[in-house]
Amino acid sequence: MRKYEVSDSQLISLYKNGNEDAFAELVSRHKNKIFTTIYMIVKDHDLAEDLLQETYVKVVNTVKSGRYNEEGKFLPWVSRIAHNLAIDHFRKAKRYPTIVMEDGSNVFNSLEFSEESIEDRQIKEDTHALLRELIKELPDSQREVLMMRHYMQMSFQEIAEVTDVSINTALGRMRYALINLRKKMDKMNVAYDKNIYPE
Amino acid sequence: MIRTSTQNDLIRYIYQETDTEENIEIQTAAILNGSLAHELHELEQTVKSITAAERVPSESAIDKILSYSKSYDLHSLK
């Protein structure tokens, strides 16, 4: 978990005053989490990128027109927009997520892992893809809390309120989600390789 | 046997929802209790794995978002 010197709230204030660098920092800071939130639903890289852009079009329109509510936290708000757009996509298309093959590496992954061999990079990407599949296999209640806390950055208190359970139940579900994932990883021989998951 | 409340506190600790006092309590407890320390380590590793498995959007997708923001005033004047 990273702590930033300049908070999201401060960046939003700067952005409201026309500072585009502040917006670039906000986008950069959260792009992976929001993109993964969408990707976990639609399972298609190109479609997920389209929905990511659509998400930020709504963000830009809301903030620049002065309709952004300062009371909420930025990332949970953006994540909810992204989540709703991804769900809406399937409602409009009148279909549900089906098994789609992973679409391989992308430009950023290639740059990020440029010093690794092609084989190492493939192993890493395969491992990550497997872990995302394992997350999807979790019981609904556990996956829901994991997605809300890890990707949407909602607090456990907020999750408890949204899902209408006690905070201890939300925490317990998260704990079991992590334990179950760990067991599944052990079973599938997904090791805690420091080359794959650096400290 | 580790109490459930302590186990739930580990989750709050990992996701930085504990205060300074609680952090010290959990860190001290982990030093004194090997099984608690082990569970904390395993949970932290799992969370790191999930973070590492996040997907990355392309640079061009991000550029389009930033361009849209920069040209917002032009869009809104249409």
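The values are calculated or read from the model by the stated rules, or taken from the named source; none is laboratory data. Just so you know, these numbers come straight off a predicted model, no measurement behind them. We place every Cβ from the backbone using ideal geometry, glycine too, and count neighbours over all the protein chains shown. Just the protein is used for accessible areas: all its heavy atoms, side chains included, with ligands, DNA and RNA removed. Shrake-Rupley method; radii C 1.70, N 1.55, O 1.52, S 1.80 Å.
Before moving on, here are some points about what is shown:
For every residue, the table says whether it meets (1) in a loop (DSSP other than H, G, I, E, B); (2) of a type in the set (D, E, K, R); (3) modelled with pLDDT under 90.
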site	(1), (2), (3)
A:21	no, yes, no
A:25	no, yes, no
A:48	no, no, no
A:52	no, no, no
A:58	no, yes, no
A:75	no, no, yes
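- 2 or more residues within 20 Å of residue A:173 (Cα to Cα), of a type in the set (A, V, I, L, M, F, W, C) and without any contact (Cβ under 8 Å) to a residue 40 or more places away in the chain: qualifying helices (runs of 4 or more DSSP H) within the range B:1-57: B:4-14, B:34-52
- A single entry from B:46, B:28 fulfils the requirement of being facing another protein chain (nearest Cβ under 10 Å) and under 25 Å from the mean Cα position of the chain (by Cα): B:46.
- Listed conditions (1) closer than 25 Å to residue A:134 by Cβ; (2) open to solvent by 50 Å² or more (accessible area, probe 1.4 Å); (3) within 11 Å of another protein chain (Cβ to nearest Cβ) are all met by residue B:7, apart from (2).
- Count of residues meeting criterion [under 16 Å from the mean Cα position of the chain (by Cα) and touching a residue at least 24 places away in the same chain (Cβ under 8 Å)] in the range A:49-75: 8
- Counted residues, the range A:1-35 - those being within 30 Å of residue A:134 (Cα to Cα), among the hydrophobic types (A, V, I, L, M, F, W, C) and at the interface with chain B (Cβ under 9 Å from one of its Cβ atoms): 4
- Residue A:5 part of a helix (DSSP H, G or I) and either touching a Gly at 6+ places or on another chain (Cβ under 7 Å) or of a type in the set (Asp, Glu) (or both): no
- Residue that is nearest to the other protein chains (Cβ to nearest Cβ) [pool: residues in the range A:36-67 that are closer than 21 Å to residue A:7 by Cβ and open to solvent by 20 Å² or more (accessible area, probe 1.4 Å)]: A:64
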